[in-house]
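Input: a single structure, listed below in structure tokens.
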Amino acid sequence: MSGVSELQESYRSEGTWPVGVLYSRSGITAIAEISQLQGTLLAISEINSTGGVLGKPISPLILDPASDPRRYAQFASSLLMDRGVTNIFGCSASYSRKAVIPVIERRGGLLWYSIGYEGFEYSSNIIYTGPAPNQLHLPLAEYLFPRYGRKLMCVGTDYLFPRESNRIMRDLVSEIGGSIVGEHYLPFDAQRDAFLSIVKEARALGSDVIFSTVVGPGIAALYDAYASENLDPSVMPIASLTTNETHCQEMWFEPLPGHIVSAPYFETVGSPRNNNFVANYQQRFGKRPTDACAEAAYFTVLLFARALERAGTLEPERLRTEVLGLEISAPQGVIMVDPDNSHTYLWPRIGMTEAGRKFRVVAEFKQAMKPDPYLINYVGSGRINHVQG
């Protein structure tokens, strides 16, 4: 990957800020984590090209856990104990974060975690910069129910995030008198035929929406199974918390217009800040699109650099103090780390697939939304601005 080798070498030089980078370039979660890694590298490169932080470059030690939870834990321990690192950018699927948390807490490190997750967690050793459930699940429910109906077929990969996400969605559907017509969990390596039977079942049971929390290569398999059945997304769309532009590139069939995704960021967000981000990303990494994984990892490094500039040290407690309440401009909009819970104010959006394997933003909040990881105030807020396409 462009830029990895030279950054790897700089890690060992004097007069730098060493950090750990723990994203998988191989294995079942590599699609999302390569985006996270590339967003991280772009931010580090931009910061270093303008003089670094307080005159010193950020120097990452980049390790590939290969999507194996044991390796995440082993590598995190090695970074903290043997490599002199105190801050780690890394993890994607919840099983990797859960594997690293005991190590981070025991060794007093700080994990910068940049992807959406199931919530109901807090650690003073983690800065959460991906969306919490109220920023991801609730906007999707508020958009779907009045437009498509209240009967959902749930399909997810078999681990914590999909199961907890479906529990949240089940509660939301129950509140409005809807129903879950089916709930299925498949392994990470499930193929198209496994999803085909679920798509057929959804149609037979009269589902209004296929709610997807599938991750990894199964995402492309699900959409390809849907396309093979010649279904109409305007009647029964796939509505996802996990699909992004990079997954669309992996699909055999271009997804039909009309499928729905909830995320704080899409490549088509219209702003000079995002236009600059997309141009720089593509200049560095070629045709791979920007997506929510890359964008969050990118601004997470910018947050870290700003906090480091204020703290003047890599000591985790000092950095944590400086980042709480810190506000910066990100490609999705101005974001801020909430001092109440170490999660981040983000911009919920609803995207709809369109021609060219992209998403058109059809609904968005008018301001950054406070994170509520425990869904203390989870009743529909009514604050989403439904923009018709």
When residues of segment 140-155 are limited to those that are of a type in the set (D, E, K, R) and outside any helix (DSSP H, G or I), the one least open to solvent (accessible area, probe 1.4 Å): Lys151
Residues satisfying the stated conditions in segment 272-300, i.e. among the polar types (S, T, N, Q), within 22 Å of Ser24 (Cα to Cα) and either touching a Lys or Arg at 6+ places or on another chain (Cβ under 8 Å) or open to solvent by 10 Å² or more (accessible area, probe 1.4 Å) (or both): Gln282
Selection within segment 317-329 - out of contact with any helix residue (DSSP H, G or I) (no Cβ under 7 Å at 6 or more places or on another chain) and crowded, with 18+ Cβ neighbours inside 10 Å: Arg320
Of all residues making up segment 202-225, the number that are open to solvent by 40 Å² or more (accessible area, probe 1.4 Å) and touching a strand residue (DSSP E or B) at 6+ places or on another chain (Cβ under 6 Å): 1
Any hit, segment 55-66, residues being among the hydrophobic types (A, V, I, L, M, F, W, C), open to solvent by less than 20 Å² (accessible area, probe 1.4 Å), farther than 19 Å from Leu308 by Cβ and modelled with pLDDT of 95 or more: no
Val269, sole failed condition from (1) surrounded by fewer than 23 Cβ atoms within 10 Å (Cβ to Cβ); (2) assigned to a loop (DSSP other than H, G, I, E, B); (3) touching a residue at least 12 places away in the same chain (Cβ under 8 Å): (1)
Failed item in (1) open to solvent by less than 10 Å² (accessible area, probe 1.4 Å); (2) touching a helix residue (DSSP H, G or I) at 6+ places or on another chain (Cβ under 7 Å); (3) closer than 22 Å to Ser114 by Cβ; (4) not in a helix (DSSP H, G or I), with Ala239 passing the rest: (3)
Any chance Leu314 is crowded, with 17+ Cβ neighbours inside 10 Å, in contact (Cβ under 8 Å) with a residue 12 or more places away in the chain and out of contact with any Phe, Trp or Tyr (no Cβ under 8 Å at 6 or more places or on another chain): no
Flag for Ser78 being surrounded by fewer than 19 Cβ atoms within 10 Å (Cβ to Cβ), more than 22 Å from Thr321 (Cα to Cα) and among the hydroxyl-bearing types (Ser, Thr, Tyr): yes
First in segment 110-128 and open to solvent by less than 10 Å² (accessible area, probe 1.4 Å) and aromatic (Phe, Trp, Tyr), second anywhere and modelled with pLDDT of 95 or more and in a loop (DSSP other than H, G, I, E, B), Cβ under 7 Å, 6 or more apart: Trp112/Thr129; Tyr113/Cys91; Tyr113/Thr129; Tyr113/Gly130; Tyr117/Gly130; Tyr128/Ser342; Tyr128/His343
Residues located in segment 94-138, provided they are closer than 20 Å to Met81 by Cα and part of a helix (DSSP H, G or I): Ser96, Arg97, Lys98, Ala99, Val100, Ile101, Pro102, Val103, Ile104, Glu105, Arg106, Arg107
Cβ-Cβ under 6 Å pairs, at least 6 apart or on other chains, segment 28-57 side farther than 30 Å from Val214 by Cβ, far side open to solvent by less than 10 Å² (accessible area, probe 1.4 Å) and polar (S, T, N, Q): none
Matching option when the condition is in contact with a helix residue (DSSP H, G or I) (Cβ under 7 Å, 6 or more places away or on another chain), more than 27 Å from Ala296 (Cβ to Cβ) and of a type in the set (D, E, K, R), among Asp232, Asp208, Asp193: Asp208
Some residue of segment 366-384 being in a loop (DSSP other than H, G, I, E, B), within 25 Å of Leu138 (Cβ to Cβ), without any contact (Cβ under 8 Å) to a residue 40 or more places away in the chain and in contact with a Pro (Cβ under 7 Å, 6 or more places away or on another chain): no
Test: Glu327 is within 22 Å of Ala132 (Cβ to Cβ) and under 21 Å from the mean Cα position of the chain (by Cα): yes
Matching residues in segment 1-48 - criterion: being in contact with a Phe, Trp or Tyr (Cβ under 9 Å, 6 or more places away or on another chain) and at pLDDT below 65: Met1, Ser2, Gly3
Filter result for Asp224 (assigned to a loop (DSSP other than H, G, I, E, B) and without any contact (Cβ under 8 Å) to a residue 40 or more places away in the chain): no
Selected residue (criterion: surrounded by the most Cβ atoms within 10 Å (Cβ to Cβ)) from residues of segment 339-374 that are over 18 Å from the mean Cα position of the chain (by Cα) and of a type in the set (Asp, Glu): Glu354
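The values are calculated or read from the model by the stated rules, or taken from the named source; none is laboratory data. Please read all numbers here as calculations on a predicted model, not as lab measurements. Positions of Cβ are generated from backbone atoms using ideal geometry, with glycine treated the same way; all protein chains shown enter the neighbour counts. The protein model used for the area step is the full one, side chains on, heavy atoms only, and it has no ligands, DNA or RNA in it. Shrake-Rupley method; radii C 1.70, N 1.55, O 1.52, S 1.80 Å.
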